[in-house]
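Have a look at the structure below, then the notes.
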Amino acid sequence: MGEGVGVAIALVSSCLGGSAAAITRYLAGNADPITLAILRWGIGFLCVLPAALLLRVRWPQRADWPAVAALGFCFFGVFFVFYNIAMTFTTAARASLALATLPLQTMMVGALLGIEPLTKRKTIGVCVAVLGVVAALASGLAAAPAGAWRGELIMTGAVLCMAFYNVWSRPFIRRSSALGFLTVGMGTGAAALILVGLFTGSVAALNAFGTPQWIAGIYLGVAGGALAFILWVLALERASPTRVANTMTVNPIAAGLLATQLVGEPITPNLIVGLVAVFAGIWIATSEVKTP
């Protein structure tokens with residue numbers, strides 16, 4: 001039951017992450033990658049910190065703070081700058097397709113570190129889910145922007161950072177709490193981004209935002225930042241890293257649906273077929289065969 005609840009929570013988080021990808025694509029013409037990251041995690045941290053203080057969460061142990069802060073810097077700082085760079089080269093749907101390689105990379109990292117052994121069922125489930133994403137978006141690949149491969153290559157490489165975050169974060173979450181772990185990591189990443197932004201002019205770029213951009217930016221920080229990652233670490237607390245990461249395959253579906261409204265990316269019939277395959281893959285990877 002705990003694993004099932006964790007996967008359900010991760011599904012909601014991944015859908016919010018997909019919508020954030022479309023919002024990021026919408027804002028990419030008005031802000032640079034560092035500005036977008038500051039917006040997402042600065043607002044996100046302002047939402048997460050009061051919640052952590054009000055709930056009196058259990059904070060990471062003193063000995064764990066350097067490692068938790070380092071994970072937060074690498075993930076909320078480094079990873080999301082590359083995430084935003086990728087979004088400037090390609091569409092939200094195609095970038096999210098590259099992001100959907102997270103289950104495979106998490107599975108490989110977990111096996112490499114000896115934390116989560118591979119099983120035949122997990123491998124089949126992840127492969128079916130990822131192939132479902134490919135099927136959902138394949139018909140749109142020919143119409144991609146020129147040079148889109150750069151964005152997808154950057155995103156695929158950056159996802160390795162998130163895979164290590166997924167695998168390494170679980171022990172720290174267990175020794176503290178999901179929200180306490182998230183708050184320290186997100187705060188570290190946000191502080192580093194703001195510091196860099198002050199020297200590069202990325203913070204000042206926010207002055208040029210109009211009302212539509214601020215509405216999109218607030219959604220990016222509250223839903224795509226705070227809420228999505230509160231749910232993500234809650235999922236990691238309850239389910240294995242591979243099973244949580246497997247839900248990332250719904251990310252391109254959510255991104256594609258919202259991007260049709262914001263930036264005119266088309267929806268194809270393959271999207272429905274791919275969606276069925278995605279959920280089939282998730283079910284295979286997250287269910288166990290009971291033996292008599």
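Report yes if some residue within region 44-61 is more than 15 Å from Thr156 (Cβ to Cβ), open to solvent by less than 30 Å² (accessible area, probe 1.4 Å) and not in a helix (DSSP H, G or I); otherwise report no. Scanning region 44-61 turns up at least one residue that is more than 15 Å from Thr156 (Cβ to Cβ), open to solvent by less than 30 Å² (accessible area, probe 1.4 Å) and not in a helix (DSSP H, G or I). Looking across region 154-186, the residues that are touching a residue at least 60 places away in the same chain (Cβ under 8 Å), open to solvent by 10 Å² or more (accessible area, probe 1.4 Å) and over 11 Å from Leu71 (Cα atoms) come down to Ile154, Gly157, Ala158, Arg170, Arg174, Arg175, Ser177, Leu179. For region 280-290, the tally of residues that are at pLDDT 65 or above and open to solvent by 100 Å² or more (accessible area, probe 1.4 Å) stands at 1. Which of the residues that make up region 92-110 are among the hydroxyl-bearing types (Ser, Thr, Tyr) and either open to solvent by 30 Å² or more (accessible area, probe 1.4 Å) or modelled with pLDDT of 80 or more (or both)? Those that are among the hydroxyl-bearing types (Ser, Thr, Tyr) and either open to solvent by 30 Å² or more (accessible area, probe 1.4 Å) or modelled with pLDDT of 80 or more (or both): Thr101, Thr106.
The residue pairs whose first member lies in region 114-135 and is open to solvent by 50 Å² or more (accessible area, probe 1.4 Å), whose second member is assigned to a helix (DSSP H, G or I), and whose beta carbons are closer than 6 Å, counting only pairs six or more residues apart or on different chains, are Ile115/Val167; Leu118/Ala111; Ile124/Ile284.
Scanning region 28-43 for residues that are assigned to a helix (DSSP H, G or I), open to solvent by 20 Å² or more (accessible area, probe 1.4 Å) and under 18 Å from Ala95 (Cβ atoms) turns up Pro33, Ile34. Looking at region 18-27, which of its residues are within 18 Å of Ala100 (Cβ to Cβ), open to solvent by less than 10 Å² (accessible area, probe 1.4 Å) and not hydroxyl-bearing (Ser, Thr, Tyr)? Within region 18-27, Gly18, Ala20, Ala21, Ala22 qualify.
Could you please let me know if Leu160 is assigned to a helix (DSSP H, G or I), in contact with a helix residue (DSSP H, G or I) (Cβ under 6 Å, 6 or more places away or on another chain), modelled with pLDDT of 85 or more and of a type outside the set (S, T, N, Q)? So Leu160 fits the description; yes. The residue that is surrounded by the fewest Cβ atoms within 10 Å (Cβ to Cβ), counting only those in region 243-266 that are touching a helix residue (DSSP H, G or I) at 6+ places or on another chain (Cβ under 6 Å) and of a type outside the set (A, V, I, L, M), is Glu265.
The values are calculated or read from the model by the stated rules, or taken from the named source; none is laboratory data. Everything numeric here is computed off the predicted structure, so don't read it as measured data. Virtual Cβ from ideal backbone geometry, glycine too; neighbours counted across all protein chains shown. The protein model used for the area step is the full one, side chains on, heavy atoms only, and it has no ligands, DNA or RNA in it. Shrake-Rupley method; radii C 1.70, N 1.55, O 1.52, S 1.80 Å.
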